Amino acid sequence: MAATDLVKEAAAVGTDRRRPRRLRLAPYGFISPFYVVFIVFGLLPIVFTFILSFVDWDGIKEIRWVGISNYIHLFQDKTFLIALKNTALLILFTLPSQILLALIIAYILHMGLVRHKDFYQTLIFLPYITTPIAIGMLFSALFDWKYGLVNSVLTHLHLVADGIPWLQSPGYSKPLLAFILDWKYLGYTMVLLMAGMKTIPKDIYESAAIDGASMLDSFWRITLPLLKNIMTFVVITSIIGGFQIFEEPLLLYSSGASGDQGYGGPNQSALTIVMYLYQSAYKFYRWGYAAAIGYVLAFIILGCSLISMRLMSRRG
Amino acid sequence: MQITRAVRWPLTVVLLLLSLLTIFPFYWTFSLSTHSTEEIYSSMPFAPGSHLIDNFHKLVEGNWFVSGYVNSIFVAVLSTVLTVFFSAMTGYAFAKFRFRGEKVLFTFILATMMIPGQLGLVAFLWQVGHMGWMNTFYPLIVPAIANAFGVFWMKQYIEEAIPDEMLESARIDGCSELLLFLRMIIPVVLPATMSLGLIAFIGSWNNYLLPSVLLNDPGKYTLPLVINNLGTFYTRDYGTQFLGLVLGTLPLLILFIVTSRRLIDGIVAGAVKG
């Protein structure tokens, strides 16, 4: 490491007369493609979107400057508030259940409480690679009211007389989506937590065991507190991802055997913020309004990330 | 720590049930792909049927599926190669050079990892339209050059994997900086780029949102769009649609089974170090 620093120092200061210029300029050459592409396709759209959020524009007519009225409308817009509530509820349904389950399984596998750890890990991780299309088609077939496997099993077992309207009733939409999202991301969360557990030295557990600590004690007193960093990472990335849920609810309610449930599911109970953003731009051609939704979303995500970071660092 | 059988057996049963739950949808997708639509509508069968060949013929006869496959492979392979190559190049500069603005520029990359991907969406689409890139693969491929996660990942790896002496001796031999990167760095980091490449490939292969708004010529559709539209290309044909899903997932499934350790390690490395 010290050698690296010396070489780097020499290059930076230019003390090495034989090749200072080359070493000074080469890194800029190496990084420039990244920054050019990032500025054009990442930064510019973000700046443009900000400007767009202050205009009224349908893509054809003249652009009209409207100040902050898009933002004001947004908070009086019932549909947006529904989407905001739905998205927040979905995160609340998904995140704690997923982390709890992932934590338990990760602990079981990490401590070697069962054999064939890699086998379980691979299987549980598998859903992570599925495409959102598969999720929409598959789960709408599984939970279809008339033809679905779940209802046919339930009626055969005489647990219910008629099929449960999983996809038709607004009350089921969030638990169902939470189940689907947990199914997809459980393995991902689990391997992250397992990696965190690997960084905890084994001898801490051993000396705790000598002091008479049970498996459960070790979990509460050692594993959990020492997982704080990775847990913060999991919570924050899940919040960032959670607020952007779009494809799963969109596709779940648009490909059922018993017919479409309409955009956003029954009574818009599965309409998320990004779904509404997309709808505003592509169905209603309100580009400025869609841009404002994008910025409000970004601020919500930033706020929630900061709050959870604060909370996580205070505890323990 | 002593693990008694009284603990091990119930836990094993629980984990087996859970694994069953995670893989059952995969099995069932396959099972449905071997049935005719009438069979699916009448009973949602559990066991595989006998219509696999029929469904396959129906799937490939309209050419949409084949062209979707070719398009998806083209987009996913190119964007993966770009991500891996330019992440390695940018990461190498940050790992092995000292230059003015290095800290600021790198912090900038870390900060962009926090920005929600949807933020610039509206203007991105507008911009793509103005560049005349609507209905082309460029907007799905070119942005892969700037992958912040990839740069962060490669920087970490190169810092540890490449000794400075190696670079020094190459420089003394008069090797140019670009050749040095291409001939010496790339071969050394190639195994590590596998994990990053897999993550990038999965992301591109499964991408639905962007292609669905950028591509409107069915001949340009990528696989997820084709599968989703199978019902409108033909009459709604479930067996065929599910077969499309099976064949569309197959490359990822094979890649995952062959490299699952590596893929999982790659995903983890990005998080634990960060």
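The values are calculated or read from the model by the stated rules, or taken from the named source; none is laboratory data. On a predicted model such as this, the values are computed, not experimentally measured, just so you know. Cβ coordinates were reconstructed from backbone atoms using ideal geometry, including for glycine residues, and neighbour counts include every protein chain displayed.
Quick notes on this structure:
- Qualifying residue in the range B:204-216 (condition: in a helix (DSSP H, G or I), of a type in the set (A, V, I, L, M) and within 8 Å of chain A (Cβ to nearest Cβ)): yes
- The set of residues from the range B:75-127 being crowded, with 19+ Cβ neighbours inside 10 Å and more than 10 Å from chain A (Cβ to nearest Cβ) comprises B:Val75, B:Ala76, B:Ser79, B:Thr80, B:Thr83, B:Val84.
- Residue match in the range A:179-186 (condition: among the hydroxyl-bearing types (Ser, Thr, Tyr), under 29 Å from A:Lys117 (Cα atoms) and in a helix (DSSP H, G or I)): yes
- Single residue of the range A:282-316 satisfying the filter (among the charged types (D, E, K, R) and loosely packed, with under 13 Cβ neighbours inside 10 Å) that is nearest to the other protein chains (Cβ to nearest Cβ): A:Lys283
- Filter result (free of Cβ contacts under 8 Å to residues at least 12 places away in the same chain and of a type in the set (S, T, N, Q)) within the range B:62-86: B:Asn63
- Residue in the range B:6-20 that is of a type in the set (A, V, I, L, M), more than 8 Å from chain A (Cβ to nearest Cβ) and touching a residue at least 12 places away in the same chain (Cβ under 8 Å) present: no
- Sole exception among (1) part of a helix (DSSP H, G or I); (2) more than 22 Å from B:Ala148 (Cα to Cα) for B:Cys175, by number: (1)
- Considered as a group, the residues in the range A:187-232 that are of a type in the set (Phe, Trp, Tyr) and under 24 Å from A:Arg314 (Cβ atoms) include one that is surrounded by the most Cβ atoms within 10 Å (Cβ to Cβ), and that residue is A:Phe219.
- The residue that is nearest to the other protein chains (Cβ to nearest Cβ), among those in the range B:128-142 that are in a helix (DSSP H, G or I) and either without any contact (Cβ under 8 Å) to a residue 24 or more places away in the chain or among the hydrophobic types (A, V, I, L, M, F, W, C) (or both), is B:Val142.
- A:Phe41 being in a helix (DSSP H, G or I), surrounded by 17 or more Cβ atoms within 10 Å (Cβ to Cβ), modelled with pLDDT of 90 or more and touching a Pro at 6+ places or on another chain (Cβ under 7 Å): yes
- Top-ranked residue in the range B:143-172 [being under 18 Å from B:Phe85 (Cβ atoms) and in a loop (DSSP other than H, G, I, E, B); ranked as modelled with the lowest pLDDT]: B:Ile162
- Residue within the range A:267-281 that is touching a Pro at 6+ places or on another chain (Cβ under 6 Å), modelled with pLDDT under 90 and more than 11 Å from every other protein chain (Cβ to nearest Cβ) present: yes
- Candidates B:Ser67, B:Ser36, B:Ser72, filtered to the one that is within 20 Å of B:Leu230 (Cβ to Cβ) and within 12 Å of another protein chain (Cβ to nearest Cβ): B:Ser72
- Checked across the range A:182-201, the condition of being more than 11 Å from every other protein chain (Cβ to nearest Cβ) and closer than 30 Å to B:Ile40 by Cβ holds for at least one residue.
Conditions tested, residue by residue: (1) without any contact (Cβ under 8 Å) to a residue 60 or more places away in the chain; (2) more than 7 Å from chain B (Cβ to nearest Cβ); (3) within 18 Å of A:Phe179 (Cβ to Cβ).
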position	(1), (2), (3)
A:Gln98	no, yes, yes
A:Leu109	no, yes, no
A:Val114	yes, no, no
A:Pro127	no, no, yes
A:Leu138	yes, no, yes
A:Trp145	no, yes, yes
A:Gly148	no, no, yes
A:Leu154	yes, yes, yes
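- Residue satisfying all of: in the range A:235-256; closer than 18 Å to A:Leu142 by Cβ and more than 9 Å from chain B (Cβ to nearest Cβ); surrounded by the fewest Cβ atoms within 10 Å (Cβ to Cβ) among these: A:Glu248
- Counting only helices (runs of 4 or more DSSP H) that sit completely within the range A:191-270, those holding 1 or more residues that are touching a Cys at 6+ places or on another chain (Cβ under 9 Å) and farther than 30 Å from A:Ser169 by Cα correspond to A:228-242.
- The set of residues in the range B:45-61 being touching a residue at least 12 places away in the same chain (Cβ under 8 Å) and surrounded by 14 or more Cβ atoms within 10 Å (Cβ to Cβ) consists of B:Pro45, B:Pro48, B:Gly49, B:His51, B:Leu52, B:Asp54, B:Asn55, B:Phe56, B:Lys58, B:Leu59.
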